[in-house]
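Throughout, read-outs are computed from the coordinates displayed, never taken from laboratory work. Here the structure is a predicted model, which is why all the values come from computation and not from measurement. Quick reminder, even Gly has a Cβ in these numbers, built from the backbone with ideal geometry, and neighbours come from all protein chains shown.
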Amino acid sequence: MNVNHVNLEVVSGNASQFPDSGLIEVAFAGKSNVGKSSLINALINRKSLARTSSQPGKTQTINFYNVEEKLYFVDLPGYGYAKVSKKERERWGKFIEEYLHKREQLKHIILLVDIRHEPGKNDIMLYDWMVYNGFEPLVIATKLDKIKRSQIQKHVSVIKKTLGVEDIHNIIPFSATTKQGKDKIWEVLDSLIDP
Ligand code: GTP
Ligand code: MG
């Protein structure tokens, strides 16, 4: 998609505030600090419309980016952020879960994992849940610029094996720094959005 117009339409801490325009939604999920907001910025060609931070836990609301009046990119708060209280974590967990489980407009979930690390328990849980519920198993391996080119295959294999991804093409390495992988992600997104 050629993206020129994007608006942050709704920032929601409450399900009653979710938009009701009926556009389909593509959500970006993953551990805190993995690069969800950075990926959204790259995809929509904006430096910092989606707020990013080196401090994990930056995104604390569910943010809806209206892309060309065609769909929403939904920036979710990351899971596994240790610095907030357990109670707060549970509240957020519930909120995100409710969004993922109940949202009819949600057509695609993109799971982000850090290419350097083996996926964790939460990543595996979410991936399994996605597959079980019929979502396309699309995984973005972020921070590609942080490893040597010669190590890419090895790291992608670990992710494939740990998550149980069947088709290696469903794992796309990406760097928000170099934008490597961006065109491929758009290719897949375009085919998902307009099959
Ligand atoms: P939360 O909102 O806390 O859940 O985090 P997030 O997943 O939205 O991560 P965010 O996009 O805010 O990025 C976290 C940090 O990682 C920031 O300092 C980014 O600049 C950095 N970062 C994200 N993607 C990349 C990447 O591909 N390469 C490098 N080197 N740094 C990245
Ligand atoms: Mg974020």
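Can you give me the Cα centroid spacing of the stretch 53-121 and the stretch 138-173 in angstrom?
20 Å
Regarding the stretch 73-195, what's the average projected area of the Cα-atom convex hull, expressed in nm²?
Approximately 8.2 nm², given one-decimal rounding.
Would you mind ranking Lys160, Lys146, Lys31 by Cβ crowding within 10 Å, fewest neighbours first?
Lowest to highest Cβ neighbour count: Lys146, Lys160, Lys31.
When the helix-only estimate is applied to the chain (DSSP H runs of n ≥ 4, each -39,500 (n - 2.57), divided by the residue count), what is the mean residue ellipticity at 222 nm, nearest 500 deg cm²/dmol?
Only helices count here, giving -10000 deg cm²/dmol.
Under unit Cβ charges (Lys, Arg +1; Asp, Glu -1), what dipole magnitude, rounded to 20 debye, does the chain have relative to its Cα centre?
Charge dipole of the chain: 1100 debye, to the nearest 20.
Using a 10 Å cut-off around each Cβ, can you sort Val139, Val131, Val34 from fewest to most neighbouring Cβ atoms?
The most exposed by this proxy come first: Val131, Val139, Val34.
May I ask you to sort Thr162, Thr52 by Cβ crowding, counting other Cβ atoms within 10 Å and putting the fewest first?
Numbers: Thr162 16, Thr52 19.
Starting with the residue having the fewest Cβ neighbours, the order is Thr162, Thr52.
What are the extents of the Cα atoms of the stretch 1-109 along their three principal axes, listed from largest to smallest and rounded to whole Å?
On the principal axes, the stretch 1-109 reaches 41, 30, 19 Å in Cα extent.
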